[in-house]
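The values are calculated or read from the model by the stated rules, or taken from the named source; none is laboratory data. Values in this document were obtained by computation on a predicted structure and should not be read as measured data. Glycine also receives a Cβ, built like all others from the backbone with ideal geometry; neighbour counts cover every protein chain displayed. Remember, those area values only see protein heavy atoms, side chains included, never the ligands or the DNA or RNA. Shrake-Rupley method; radii C 1.70, N 1.55, O 1.52, S 1.80 Å.
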Protein chains: 2
Amino acid sequence: MSYQNAARWLRRTAPLFALLLCVRALAAESAPLDRAASVSSPGAVLKVEVSVIAGRPSYRVWRFGEPVIAQSRLGFVLKDEGKFDRNFELTGSATASSDSTWEQPWGERRFVRNHYNELKLRLTEVSGAQRALDLTFRVYDDGLGFRYEFPDQAALRDVVIDDELTEFTIAPPATAWWIPAGHPQADNDLEILVHRTPLTEVSTTHTPLTLRTDRGLHIALHEAALIDYAGMRLARIDGQQLRAALAPAAEGWKVRRSAPFATPWRTLVIADSAGALYMSDLTLNLNEPNALGDVSWVKPGKFIGIWWDMHLNRWTWEAGAKHGATTEHARRYIDFAAANGFRGVLVEGWNRGWEGEWYGRGDKFSFTEAYPDFDLPGLAAYARFRGVHLIGHHETGGNIGHYEAQLAAALDLDASLGIDSVKTGYVADANQIRRLDERGVERREWHDSQVMVRHYLRVVTEGAKRHIAIDTHEPIKDTGLRRTYPNWLTREGARGMEYNAWGQPVNPPEHEANLVFTRMLAGPFDFTPGIFALDPTRPGSRVKTTLAKQLALYVVLYSPLQMAADRIENYEARPEPFRFIRDVPTDWSETLVLNGEVGNYATLVRKDRRSDDWYLGSITDDEGRLLTVSLGFLDPARRYRATIYRDAANAHWRDAPEEITIEEREVGNADMLTLRLAAGGGEAIRFAALPGNRRVSVKH
Amino acid sequence: MSYQNAARWLRRTAPLFALLLCVRALAAESAPLDRAASVSSPGAVLKVEVSVIAGRPSYRVWRFGEPVIAQSRLGFVLKDEGKFDRNFELTGSATASSDSTWEQPWGERRFVRNHYNELKLRLTEVSGAQRALDLTFRVYDDGLGFRYEFPDQAALRDVVIDDELTEFTIAPPATAWWIPAGHPQADNDLEILVHRTPLTEVSTTHTPLTLRTDRGLHIALHEAALIDYAGMRLARIDGQQLRAALAPAAEGWKVRRSAPFATPWRTLVIADSAGALYMSDLTLNLNEPNALGDVSWVKPGKFIGIWWDMHLNRWTWEAGAKHGATTEHARRYIDFAAANGFRGVLVEGWNRGWEGEWYGRGDKFSFTEAYPDFDLPGLAAYARFRGVHLIGHHETGGNIGHYEAQLAAALDLDASLGIDSVKTGYVADANQIRRLDERGVERREWHDSQVMVRHYLRVVTEGAKRHIAIDTHEPIKDTGLRRTYPNWLTREGARGMEYNAWGQPVNPPEHEANLVFTRMLAGPFDFTPGIFALDPTRPGSRVKTTLAKQLALYVVLYSPLQMAADRIENYEARPEPFRFIRDVPTDWSETLVLNGEVGNYATLVRKDRRSDDWYLGSITDDEGRLLTVSLGFLDPARRYRATIYRDAANAHWRDAPEEITIEEREVGNADMLTLRLAAGGGEAIRFAALPGNRRVSVKH
């Protein structure tokens, strides 16, 4: 029986397998039913063993023969049915291998290799209802994912999960970079500064959770393909032992589903450097292929917007004397976008309903009616005429019932106006998202509950029907669903630039160096970089970076929709550094991390998908850096004109953030460059491939 | 007045300078004499400020505007004269810049750039004898060195230093990799395993002392050009405050000199990565240029020897039934060396005097008389006939008076036999080196006292007169004197391979990954790699590495005299991996660190000085590694045949150390390679440049 047949059969048939490929009796033969099955990664780097001991399933992970995950439990607590983690026997096992390469419609790299070994197991209760539970492990050289599958069976059809018991017991002592979960204060509790502590001091954390051991092993725990299930947080229950803590629905249960269904993949990326963590494609690989067919209508690109002025309190979202979203302002932004090659113009505060307390309430928003001083159809037409696209904006205040009632009409309107991307927002305290239950009772949800997981994806699929891409703010975390739904272009999901306008505190200089190796492991982030007015003596915002670092963020913090967030005036005042923002693309054929340490610094290079140009971005925390990099990534047969945007000799985030030096050099792939980053600084480089069909003559 | 003139004048004339280039009054004007002078590195990365506050000199160091060295005292305690660290005024200051490149006769790279800014200061006592003390700081982008100069002056001619008060107060919290100093147990207290602790737990340490801060800053404290002065250890006096602790002479004083003289340079290499620490040439640059003239007679090369068998207790040093150094054995080693391209054959135990307790005693050794079963002249002639060179061996047992009495005759004999390199040894407890003082009284010295600093260099200069290179075991630490005395080819100075034969404990898997970024910062190390018999089930040695790691050490642990330390039989049994040892050179035109973390792993590539071939060595600690490296260092116009020696899929230092896979591939500089290192493993690659005057046609 081929593996594919076995797998189909596994989904369709009775619990006992003909195939028992790698099940073995455990060494200690005390309990006759104890069994274990194992699988290694294609390069024999990782090995996973799943065992059932005294009826309880657990797993362990080794890397190069050394333990990474010590014995960790698997299972559930089901509502009304009790614990579903014991009394099991391992009744079936199958292995398979897969090695394929797929192409991304847009992304950090064009081609993605998906190379893993798989172990599928069936667990069956030895008594009582004899219910079955399946487990699938996919093991890569750079990590693994596993998920539970609830098979179609009479004894367990409607499943209400009270708790998922999946554990992750980290074997070697580790430092953790983490974001506390379950704090109701923030807009969305992903918007909390990254904590760095020993793993033994973590309470409950969101994922990705990034760990580094004393021996330099880097581990990221996360999940992939979060669909119709509650988001997984991780609670530390003892020592370095973490357990899944699913976000609860308002009613207290975590997940309601009907079998057959599968949970999201629980994922571990395991690598030797921060850069190798970032380079992993495991999360994308564990998502299903593109479900939308032709997605050529999904357009990455840069945008500007009527946005930062509101955060600076110069303009307002609501109508009035300081209203930002006026026809006049928007025309000016459209003109500037057209003149400078921006595809999009975002206008926030264009629609009725911003008056008063909309935060966490959102019941007055209209998603189809513009304020009177904002000529939506006229501006949409003017934008089209200038070759620019308005970006829609749907701030819900977290009231999803109110939003869903208007969703179809709102997206229809957008589509009719040529608006092909919409930024959504869910500003509400973290457990105060409003919905109506089946009986019309208002309930309050976390952003990452199953209800909200469904809602976010519903907006995306409704958008897809109308060829509209979605940029979700105050979102559910990214679990790689962009592979399946490529119109889910980007999202927020961490502390963005706006905290520098009004945050208490503002983002510290290490913030972005934390993000690269924590939040960015999940996927694109609409961070909204590009603030040029950094002078700390001016009132208003306090952005703790240099100007060169703002440019570098366009390469370092990937987003296929990438904003130039500052006011037009500030770009007009500094045309030379602004040239980098004009030049930098948002869609890449290759990405490499040249160096980096979690929370300290990172240097990435990416190749433009539409040309042979490369771009480099390097950022640091409070420490200045001298980083020597090889340009070996460049095509050896070409020469490049490097335009280098670097911190001036006296630059420092604290007292000289706007000091920048711009220079040009011709370089080739045998060159080394030393990047000189000021404290809180960065460096951005465009490597423009020089023209010519060249003939190289080499003598030796 | 030019700087050069000013400097000459400073050395020759009265203490008051006409030049006061950058002296400024300190902000707090409380004491009218308070003054400070500062200098920055050429790229404005580092800034040093020296200040005299209330008569006391101190210095501080910033990097990119952030403090690295907080206020740290300068000065001395002089015997009979008391403290020489107060009552000072800053009476002169001059700055200069220098940027030059010099060529090494042999080394890790051929050309070395020496680019620094210099600040010279004169301190003068404001009352009493008004003695002067000069200070010179040289500041590079990757670190700094400073030294004291005792000028020629009537009031202070004969100087006896009881203590040097130089402090190093590390500003950011740091982890330290260090070797405790002053322990009398070991052969030489440099031969202690590297400790890793918070800096606040260091007691007294040897240098190089390697530090890493939480923000990823790497700092190495050491000294350069240690000549006629006591070796500097560092004692932690409080928090992260370290103070020079000079090795005492037997009589208790630290240094006796007559002015004018200069101390060694106190050095700090400061960089953003472990690799950048290693890449610094600061120590060499702070040494004086080659003082020996034509040194074409100094020959790097590989050697084998009658050595490991003695450590394994199969053979003995002393004559008898198991005597290792027999004519028959030596002929066999000469034959094997000739057949396999080794330049040298070391024979230990060739000379009379090994009987009984020679350790720390050494009074019976003859350095000219061979044991009767060792035909020295005949073997020297046979070696010459086979194109091989005997390597002399002078084990002193730490009795330097006994050795010095025979030194000239011994070196004359060696020279007459065509022996052009000599390995010396000083096996004695760490404070039990024997010498006779002026009155004929036997005194006991540390290996790093001023007396021994003089002795070690005397052997080197006596060797140089006879065109003999020296490989010092149980040595004084390396401070870059190979620049001035290029016949000081290599030395021991840390725990080498022999500890794996009888050490309690043997070297752990992390040992070499510690060495790269601690001991190796000082200079070449005759570690004696290349043990092939690693099977832990065999009795005898226990080498906690894989075979591939043994090969990688030839690239990673630089020594221009590099041993293949195992028994001939073990090489004959594994000709395929032995081929790497045959191929690998010992002299390089370029060296690059591709990646690495202190104590965890390191990947280095070096270019053969005599060909276009490159060699890669990568090693790891207890953790296996997947390390992706760019081959951008290769010449873009050439192709290379890579012969890859890597850990087999099942290799592990613990239970499968000899499992190795060897494969060949053609590669170019646009390729990426993923190195797969087993736990305790490594990888070695030869990139042989393919022949051909190639014409590359590239279309775009």
### Task
Give the number of residues within the range A:560-577 that are over 30 Å from the mean Cα position of the chain (by Cα) and within 27 Å of A:E590 (Cα to Cα).
1
### Task
For the range B:511-528, indicate whether the set of residues that are modelled with pLDDT of 95 or more, within 24 Å of B:H393 (Cβ to Cβ), acidic (D, E) and in contact with a Gly (Cβ under 8 Å, 6 or more places away or on another chain) is non-empty.
yes
### Query
Given the residues A:T368, A:T267, A:T327, A:T316, which is the only one that is surrounded by 20 or more Cβ atoms within 10 Å (Cβ to Cβ) and among the polar types (S, T, N, Q)?
A:T267
### Summary
Among residues of the range A:243-252 being open to solvent by 30 Å² or more (accessible area, probe 1.4 Å) and not small (G, A, S), the residue nearest to B:Y601 (Cα to Cα) is A:R243
### Query
Can you tell me which residue in the range A:595-613 is farthest from the other protein chains (Cβ to nearest Cβ), limited to those that are more than 23 Å from B:D214 (Cα to Cα) and open to solvent by less than 10 Å² (accessible area, probe 1.4 Å)?
A:R606
### Query
What number of residues within the range A:46-73 satisfy the criterion of being part of a loop (DSSP other than H, G, I, E, B) and surrounded by 23 or more Cβ atoms within 10 Å (Cβ to Cβ)?
1
### Test result for A:D80, of a type outside the set (S, T, Y), at pLDDT 95 or above and surrounded by fewer than 23 Cβ atoms within 10 Å (Cβ to Cβ)
no
### Task
Scan (1) within 9 Å of another protein chain (Cβ to nearest Cβ); (2) more than 30 Å from A:I270 (Cβ to Cβ); (3) part of a strand (DSSP E or B) for the single condition B:E666 breaks and write down its number.
(1)
### Query
Can you tell me which residues in the range A:448-472 are open to solvent by 10 Å² or more (accessible area, probe 1.4 Å) and assigned to a loop (DSSP other than H, G, I, E, B)?
A:D448, A:R466, A:H467
### Task
Would you check if B:G344 is free of Cβ contacts under 8 Å to residues at least 60 places away in the same chain, touching a Phe, Trp or Tyr at 6+ places or on another chain (Cβ under 7 Å), under 24 Å from B:G425 (Cβ atoms) and small (G, A, S)?
no
### Query
Looking at B:D163, B:D158, which one is more than 21 Å from the chain's Cα centre (by Cα) and over 23 Å from B:Q240 (Cβ atoms)?
B:D158
### Task
State whether one or more residues within the range B:122-133 are open to solvent by 30 Å² or more (accessible area, probe 1.4 Å), acidic (D, E) and in contact with a strand residue (DSSP E or B) (Cβ under 7 Å, 6 or more places away or on another chain).
no
### Query
Filter the range A:687-700 for residues that are modelled with pLDDT of 95 or more and surrounded by fewer than 22 Cβ atoms within 10 Å (Cβ to Cβ); which is nearest to the other protein chains (Cβ to nearest Cβ)?
A:A689
## Note on the structure
Of the candidates B:I419, B:I391, the one satisfying the condition of being touching a Lys or Arg at 6+ places or on another chain (Cβ under 7 Å), aliphatic (A, V, I, L, M) and modelled with pLDDT of 95 or more is B:I391
### Query
For A:Y148, are the conditions met, namely being open to solvent by less than 60 Å² (accessible area, probe 1.4 Å), within 14 Å of chain B (Cβ to nearest Cβ) and under 27 Å from the mean Cα position of the chain (by Cα)?
no
### Query
Among A:P508, A:P539, which is assigned to a loop (DSSP other than H, G, I, E, B), free of Cβ contacts under 8 Å to residues at least 60 places away in the same chain, of a type outside the set (D, E, K, R) and open to solvent by 30 Å² or more (accessible area, probe 1.4 Å)?
A:P539
## Note on the structure
Residue hits (the range B:581-594; open to solvent by less than 40 Å² (accessible area, probe 1.4 Å) and facing another protein chain (nearest Cβ under 9 Å)) are B:L592
### Task
Within the range A:105-121, track down each residue that is surrounded by 21 or more Cβ atoms within 10 Å (Cβ to Cβ) and either in contact with a helix residue (DSSP H, G or I) (Cβ under 8 Å, 6 or more places away or on another chain) or small (G, A, S) (or both).
A:G107, A:Y116, A:K120
### Task
Would you tally the residues in the range A:650-663 being away from chain B (no Cβ under 11 Å), outside any loop (DSSP other than H, G, I, E, B) and within 25 Å of B:V68 (Cα to Cα)?
1
### Message
Being part of a loop (DSSP other than H, G, I, E, B), of a type in the set (D, E), buried (at least 18 other Cβ atoms within 10 Å of the Cβ) and in contact (Cβ under 8 Å) with a residue 24 or more places away in the chain: is that true of A:D228 here?
### Response
no
### Query
How many residues are in a strand (DSSP E or B) and surrounded by fewer than 21 Cβ atoms within 10 Å (Cβ to Cβ) when one looks only at the range A:253-264?
5
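The rows are residues; the columns are (1) over 18 Å from the mean Cα position of the chain (by Cα); (2) in a loop (DSSP other than H, G, I, E, B); (3) closer than 29 Å to A:R343 by Cα; (4) free of Cβ contacts under 8 Å to residues at least 24 places away in the same chain.
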site	(1), (2), (3), (4)
A:R236	yes, no, no, no
A:A244	yes, no, no, no
A:Y278	no, no, yes, no
A:P289	no, yes, yes, no
A:I304	yes, no, yes, no
A:M310	yes, no, yes, no
### Message
Cβ contacts < 7 Å: first residue within 14 Å of chain A (Cβ to nearest Cβ), restricted to the range B:196-216; second residue open to solvent by 60 Å² or more (accessible area, probe 1.4 Å), any location; separation 6+ or different chain. Result?
### Response
B:T213/B:P173; B:D214/B:P173
### Answer from A:W358, A:W297 - the residue that is open to solvent by 20 Å² or more (accessible area, probe 1.4 Å), more than 30 Å from B:E623 (Cβ to Cβ) and in contact with a His (Cβ under 6 Å, 6 or more places away or on another chain)
A:W297
### Answer from B:R641, B:R654 - the residue that is among the basic types (K, R) and touching a strand residue (DSSP E or B) at 6+ places or on another chain (Cβ under 9 Å)
B:R641
### Task
Please enumerate the residues belonging to the range B:618-649 that are more than 7 Å from chain A (Cβ to nearest Cβ), in a loop (DSSP other than H, G, I, E, B) and either within 17 Å of A:G65 (Cβ to Cβ) or open to solvent by less than 20 Å² (accessible area, probe 1.4 Å) (or both).
B:L634, B:A648
### Summary
Just one listed residue, out of B:T396, B:T479, is closer than 21 Å to B:G353 by Cβ and crowded, with 24+ Cβ neighbours inside 10 Å, and it is B:T396
### Query
Does B:L144 qualify as being over 28 Å from B:D608 (Cβ atoms), touching an Asp or Glu at 6+ places or on another chain (Cβ under 8 Å) and not β-branched (V, I, T)?
no
